[in-house]
Each structure stands twice: as C-alpha cells, then as structure tokens.
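So the structure is just underneath, and the comments pick up after that.
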Amino acid sequence: MSTPEPAVDDLLRTLAPQVVGVLTRRHGDFATAEDAVQEALLDASAQWPAEGLPRNPRGWLLHVAGRRMTEQVRSEQARRRREDLVAGQVPADRLAAPPADAEDDGARDDTLTLLFLCCHPALSPASAIALTLRSVGGLTTGEIARAFLVPEATMGRRISRAKQQIKSSGVPFRMPERGTSEWAVRLDAVLHVLYLVFNEGYASSSGPDLRRVDLSREAIRLTRAVHALLPTDAEAAGLLALMLLTEARGPARTGPDGELVPLAEQDRTRWDAAAIAEGIALVTAALPRGPVGPYQVQAAIAAVHDEARTAAGTDWPQILALYGVLARISDNPLITLNRAVATAMVDGAAVGLALLADVPPELADHHRLYAVRAYLHELAGEREAAVADYRAAARRTASLPERHHLSLRAARLAAPGGEASADDGPVHGAPARAASADSDQPPEALR
C-alpha cells in the first residue's frame, strides 16, 4: 500500500475486515476474497487521496474487490468451472452487481467472525498474527514483514500457508455458538493473538528499536473493536485496559537516542493520563462483572503502577497480592519471574532470589531470567553475581536497546566504586516477554 492520508489509511483499515467478511460470506472462499480486498485497498489508497472519498467507501470497496475476485477466478485454468461455482454461491439478490456507491442494505459487520477465523486454534501463533494483521488489520504483506523484521517473501509464504490451512481444515465462516466450549476456546485464541501483537509492539523481541508503535497501536485498535462487539465480556475489557495502561507509559520508556529508560527512572509526567484513566475505568468495571481472568488481573497490576506518582510510592504489597491471584488463575514461568521481583520489593531480595532457585526448563536459558536475577542480586548488594547475570542477559537478548541497557548496568557495577542501587531499577517493569512465541506475559521485570 502506498502512503495515503492518515484519515484514509484509518478508514481503509476499519473497512478491510468488513469487506473481506462480506465477500467470504457470499462466496465461501476466504483466500480469494482476502487477495481481492488487498488489491481493492491498493486501488483505494492510490485513488481516494487524489480524487476524494466516494460517497459510500464501503460499497466502493465491495464493488472493486468483488470485481477483482471475479477477475482472479476467471484467470484460473478451470475458468468456466470456477465461474459457475462462484455464480452458484451468489445469493439471488446479488446476481446483479450494485452501483459502486450504492448502500448495501443486507451487509453486516463480519469483523468479529473474520477475527475468529484468522485466529483459529489450528494455526500457529505466528501464522495467526500475520493473517490477522493482513486480513483484519488491513496491513500489506510488506508492512507486516517489516514489522517482524523478516523478508517480504517469507511473510508472504507464511500468510499463504495460513490461508491454505484454513481452507484445508474446512473451518466454516461463521461464529461459534455463544456459551459453548468452542466459543470460549475460540475467543481465548483471538484475545491471545491480539495480546501477542501488542507485546511485540510494546517490547520488540529483536532489532534496533525498543518499541514498534505501529504494532501496539494496531493491537489496541483491534482489541477496541472486539470490546465494542462484545461489551459485556470481562476479559476483552481487561485486555483493552491492560494495553492502554501499559502503552500509556510508552513515551517515557525511551530516551532521546532510543535507549531504554527503566520504570523507576521514567518521567511520569510524560505518561498518557487519558489512556490511564480509560484503562482504569475499564478494569474497574470489568472486575466485578467476572469471571476474573488473567487479562483483568494483569490490567489491575498495571493500574497500580500507573497510579503511583513516584517509583517509591508504588504499592508493592498490592502488586504482590495480585500476582498471587494471577498465579492461581494462569501460572506460567514468566509470572514466577514477576512474582520474584514483587516479592523482593516487599520481603527483600533474598526471598525473591529464593523463588528463582527452581526455574522451569523453558526459562533456564532465557535472558529475562538472567535480567531479573541480576537485578535481585544488585538489590542484595551482590555485585559480582549481578554483573555476571547482567552480562549473561545481554548476550542472550536480541533487542539492541535491552542489550545496551544490560551491558551498561554491568559496566557500572563492575567499575571501581560502582554501586548497586535499587532505585535505578533493573529492566524493572519491562514486559516479561515470552520464552517462546506463544507464551508470554507483560511486564514486571522489564517494564
């Protein structure tokens, strides 16, 4: 996609999943519909900024994408058979194409259905993320490839495989029935994919930048759409709250040269007060509604951090209690890391270090473990151990800002007269990112 005006770009991203959904519902061919809509988006991004918006942008996209879809079908070797198939699937009232600017009275918003399709549990997290960003987020393959630092051809193959998997699985384009176990599993998968997209944007796992703001904003936009479609779902509200409360600190997380600024050192006047207020309101309303889930609890933890006017004023006992709740709901190794930090802040570094004595195997070589352990050694005044662990963490992370930060902390401690300082904070509060692509946990040890 070219670089249309921001308002046009936002409109296209909003309309893209709706148009894909309508065409998929009509023709039952998600892969072809998705390709056709991508071409229509390209046409719109070139034409609309120059000629102005059509009276009915959604109808315009439907008309152009429908035409592209027909052209794609006709280009196939089995031209006549495929044309018959498509024509046979077109409802009687759709056999005559409506004018480009005509209102589509029978259309409905299929965004949530499309999200459920793209985040199907049969897909790997990496495939679901890529497919969601392209089909629901309206990003081009090139944009997604650049966001994840992979060649465009690689990302293109990943998306093609995902679409083929959906086609082969025979997953129908429909929502599972609400209240069923299938509904719960599928919604969990949708929220998890959005959570992974946000985490990659908030704390990039590799590359020169600490954050990829475009990804975190896209995750917030899509999660906001899910919350609007499911306003009574407490976990959807909790996830949106978590994202807003975490992203609110984003501007203060980096210095002038892109260096990492730990939570304890951040200029809190730069935090986004409006986002914090919205996040707190969301989680405050969601928690009593229940059932309480991991996103709501994580949002509550983020809210405690955001409500502290100073680092010293952080209510660590409340955070530790919330981590206890989180561990009971959804324990994983990264929660253990976060609990260790919170425990150290309440009961002392030695107690926190004791929690790390038996770490799960999947974390044994992860840089988050070394970063947290280094910080706790630093708190305990164990300089040599802290330096060794900071250096080990720096060697293992693929994020350059984190590597620089960890190396600098090791150098300061190793220098003659270097002192450990609890107030500096380690990578304190940064997203305790996943040890693998599909395990994750937002920030506590490296916010």
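The values are calculated or read from the model by the stated rules, or taken from the named source; none is laboratory data. Remember, predicted model here, so these are calculated numbers, not experimental data. Methodologically, a virtual Cβ is constructed for each residue, glycine included, from the backbone with ideal geometry; neighbour enumeration extends over all protein chains shown. Only protein heavy atoms, including side chains, enter the accessible area calculation; ligands, DNA and RNA are left aside. Shrake-Rupley method; radii C 1.70, N 1.55, O 1.52, S 1.80 Å.
For the stretch 197-221, give me each residue that is touching a helix residue (DSSP H, G or I) at 6+ places or on another chain (Cβ under 6 Å) and assigned to a helix (DSSP H, G or I).
Within the stretch 197-221, V197, F198, E200, G201, Y202, L215, S216, A219, I220 qualify.
Can you tell me how many residues within the stretch 151-164 are open to solvent by 40 Å² or more (accessible area, probe 1.4 Å) and out of contact with any Ser or Thr (no Cβ under 7 Å at 6 or more places or on another chain)?
So the count comes out to 6.
For the stretch 364-404, name all the residues that are more than 18 Å from A344 (Cβ to Cβ) and within 24 Å of the chain's Cα centre (by Cα).
Answer for the stretch 364-404, where residues must be more than 18 Å from A344 (Cβ to Cβ) and within 24 Å of the chain's Cα centre (by Cα): H366, H367, R396, T397, A398, S399, L400, P401, E402, R403.
Just the residues that are part of a helix (DSSP H, G or I), farther than 16 Å from Q296 by Cα and modelled with pLDDT of 90 or more, please, taken from the stretch 314-336.
W316, P317
Restricting attention to the stretch 356-374, report how many residues are under 15 Å from E384 (Cα atoms) and in contact with a Lys or Arg (Cβ under 8 Å, 6 or more places away or on another chain).
2
Is it the case that the stretch 239-262 has a residue that's part of a loop (DSSP other than H, G, I, E, B), free of Cβ contacts under 8 Å to residues at least 60 places away in the same chain and within 16 Å of the chain's Cα centre (by Cα)?
Yes: one or more hits.
When you check R146 against the structure, is it open to solvent by 10 Å² or more (accessible area, probe 1.4 Å) and over 17 Å from the mean Cα position of the chain (by Cα), yes or no?
Considered against the rule, which asks whether it is open to solvent by 10 Å² or more (accessible area, probe 1.4 Å) and over 17 Å from the mean Cα position of the chain (by Cα), R146 comes out as no.
Among the residues of the stretch 263-280 satisfying the criterion of being acidic (D, E) and in a helix (DSSP H, G or I), which is surrounded by the fewest Cβ atoms within 10 Å (Cβ to Cβ)?
Top of the filtered list is E265.
Would you mention how many residues in the stretch 199-242 are modelled with pLDDT of 90 or more and farther than 16 Å from G138 by Cα?
Going through the stretch 199-242 one residue at a time, the tally reaches 15.
Take the residues in the stretch 116-135 that are of a type in the set (A, V, I, L, M, F, W, C) and outside any helix (DSSP H, G or I), then tell me which one is surrounded by the fewest Cβ atoms within 10 Å (Cβ to Cβ).
Here the residue is A122.
Six or more apart or on different chains, Cβ atoms under 8 Å: show the pairs whose first residue is in the stretch 163-177 and farther than 11 Å from A122 by Cα and whose second is open to solvent by 50 Å² or more (accessible area, probe 1.4 Å).
F173/R25; F173/G28; P176/E182
Taking only the stretch 286-297 into account, find how many residues are touching a residue at least 24 places away in the same chain (Cβ under 8 Å), over 18 Å from the mean Cα position of the chain (by Cα) and surrounded by fewer than 24 Cβ atoms within 10 Å (Cβ to Cβ).
5
Looking only at residues in the stretch 392-404 that are touching a residue at least 60 places away in the same chain (Cβ under 8 Å) and under 20 Å from L363 (Cβ atoms), which one is most open to solvent (accessible area, probe 1.4 Å)?
Out of the qualifying residues, it is A398.
Restricting attention to the stretch 196-244, report how many residues are of a type in the set (S, T, N, Q), closer than 27 Å to P291 by Cα and open to solvent by 10 Å² or more (accessible area, probe 1.4 Å).
1
Out of A303, A311, report the one residue that is of a type in the set (A, V, I, L, M, F, W, C), modelled with pLDDT under 95 and either in contact with a helix residue (DSSP H, G or I) (Cβ under 8 Å, 6 or more places away or on another chain) or farther than 20 Å from R268 by Cβ (or both).
A311
Evaluate the following for V283: is it open to solvent by less than 20 Å² (accessible area, probe 1.4 Å), without any contact (Cβ under 8 Å) to a residue 60 or more places away in the chain and either under 19 Å from T223 (Cα atoms) or not in a loop (DSSP other than H, G, I, E, B) (or both)?
Criteria met by V283.
So, of the residues in the stretch 342-391 that are surrounded by fewer than 24 Cβ atoms within 10 Å (Cβ to Cβ) and among the basic types (K, R), which turns out to be farthest from D331 (Cα to Cα)?
R383
Output the number of the condition that S330 fails; it satisfies all remaining conditions of (1) open to solvent by 40 Å² or more (accessible area, probe 1.4 Å); (2) in contact (Cβ under 8 Å) with a residue 40 or more places away in the chain; (3) polar (S, T, N, Q).
(2)
Pick from the stretch 348-363 the residues that are without any contact (Cβ under 8 Å) to a residue 12 or more places away in the chain and part of a helix (DSSP H, G or I): which of them is nearest to the chain's Cα centre (by Cα)?
So the residue we want is P361.
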